[in-house]
Amino acid sequence: MSESNNQNLSTEQWSTVLVEALPYFKNWCGKIVVVKYGGNAMLNEELKAAVMEDIVLLSTIGVKVVLVHGGGPEINKMLDKVGKESKFIDGLRYTDAETMEIVQMVLTGKLNKEIVGLLLQKGGKAVGLSGVDSGLLRAKKTEKDLGFVGDVTEVNPAILTSLLDEGFIPVVSTVALGEDGDSSNYNINADTAAAKIAVALKAEKFVQLTNVPGVLRKLDDPSSLIKRIEKTAIGSLKATGIISSGMIPKIDCCLTALEGGVPRTHIIDGRVPHSLLIEMFSDRGIGTMIY
C-alpha cells in the first residue's frame, strides 16, 4: 500500500483492516502456498515491488511461500538482442539448442537472481533455484516436437521442504532435468510446473498471478467476474465459451492442482497492487477461486 493511501486511512479504518486480517494470519501460519509469478506484475516495477512486499510479509507471519516464475517476455527480448528468430508451432515456441541456452541464461541467471535480490531488499530470506537443482523437476520431451520443451514427469520437493523449514522463500525457475538416461535440460511451462510443485508439497493454496481479473462471463467486462467456480462446472463453462483461449491452460493447471489434493486454487489479477494480500487476508478476496 502506498504512503499516500496510508495517510488517507483513519485510525478506525486501520483497526477494521487489522481486525479483519487477524484470523487469516492465524489460519495461514505454517501453511504452504505456491505462487506462480508472471505477466504484467513481472514487467511493471511498481507492481513487482508490491508482489515482493506481499511475499515477504507472508513469510514474516509464518506462511511458507514458494515462488515459481516464468519469463517469456524477457526471453523474447534476449532473442531479439542476439538476432535469433523465434519459431512457433501452433502458437508454441520451438526451442532449439541455441534457444535453450538463452532460456537457461535468462530464467536461471538473470530473472531468478533479480527476484531473489528484490526479496532480500524487502527484508526477506530467499534462495534461487532452477528445476535442475537437486533434481527438483524431471521432464521428458513433449509429444509434439518443440525441441527442448518438456513435460514434467516427477517433482522431488525435498530441497524446497528443507528451505521452507528454515524460513527461506524458494524462488524457482522452470528449467527441468531430463529423465534418467537423458542428459538434456528442458524448458517447462511455468504454470504447469507450479501446479505440480503445489501437489508435491501438499500445498494449501495455489495462486496464479495473471494479466486479467479472473474468469469473466463477458469478455472485457470486469463486473462479470465469476468469483467462485466448482471444478465440476468447468466443463460446461468451456462448452459455452466462457472459459476459452488463454484462460483454458490456466484453468487446466488449477485442475491439475485440485486433482492432486490442493484444496484451493486461485487466478488473480497481478495488475492490482497487493492483490496477493487482498486474496489471502480479506473477506472480499480477489479474482476467481476454483475449488
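The values are calculated or read from the model by the stated rules, or taken from the named source; none is laboratory data. Bear in mind the structure is a predicted one, so any value in this text is a computation, not a measurement. Reconstructed Cβ throughout: ideal geometry from the backbone, glycine too, with neighbour counts over all protein chains shown. Just so you know, the surface numbers come from the protein's heavy atoms only, side chains and all, with ligands and any DNA or RNA stripped out. Shrake-Rupley method; radii C 1.70, N 1.55, O 1.52, S 1.80 Å.
One table, with the values for the structure above:
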item	result
Residues of the range 102-149 classified as outside any strand (DSSP E or B), closer than 10 Å to Tyr186 by Cα and touching a residue at least 24 places away in the same chain (Cβ under 8 Å), total	5
Filter result (in contact (Cβ under 8 Å) with a residue 40 or more places away in the chain and at negative phi) within the range 273-285	Pro273, Ser275, Leu276, Leu277, Glu279, Met280, Phe281, Ser282, Asp283
The range 75-95 residues that are closer than 15 Å to Ile188 by Cα and without any contact (Cβ under 8 Å) to a residue 60 or more places away in the chain, paired with ones that are in a strand (DSSP E or B) and open to solvent by 50 Å² or more (accessible area, probe 1.4 Å) (beta carbon under 6 Å, 6 or more apart)	Tyr94/Lys87
Single residue of Ala239, Ala195, Ala233, Ala203 found to be in contact with a Gly (Cβ under 8 Å, 6 or more places away or on another chain) and among the aliphatic types (A, V, I, L, M)	Ala195
Enumeration of residues in the range 47-62 that are among the β-branched types (Val, Ile, Thr) and buried (at least 23 other Cβ atoms within 10 Å of the Cβ)	Val51, Ile55
The one condition in (1) more than 22 Å from Lys48 (Cβ to Cβ); (2) of a type in the set (Val, Ile, Thr); (3) free of Cβ contacts under 8 Å to residues at least 24 places away in the same chain that Val215 fails to fulfil	(3)
Residue within the range 20-35 that is assigned to a strand (DSSP E or B), surrounded by fewer than 17 Cβ atoms within 10 Å (Cβ to Cβ) and of a type in the set (A, V, I, L, M, F, W, C) present	no
Number of positions in the range 178-195 that are over 28 Å from Asn44 (Cβ atoms) and not aromatic (Phe, Trp, Tyr)	8
Conditions (1) of a type outside the set (S, T, N, Q); (2) closer than 29 Å to Cys29 by Cα; (3) at pLDDT below 95; (4) open to solvent by less than 10 Å² (accessible area, probe 1.4 Å); number of the one not met by Gly178	(2)
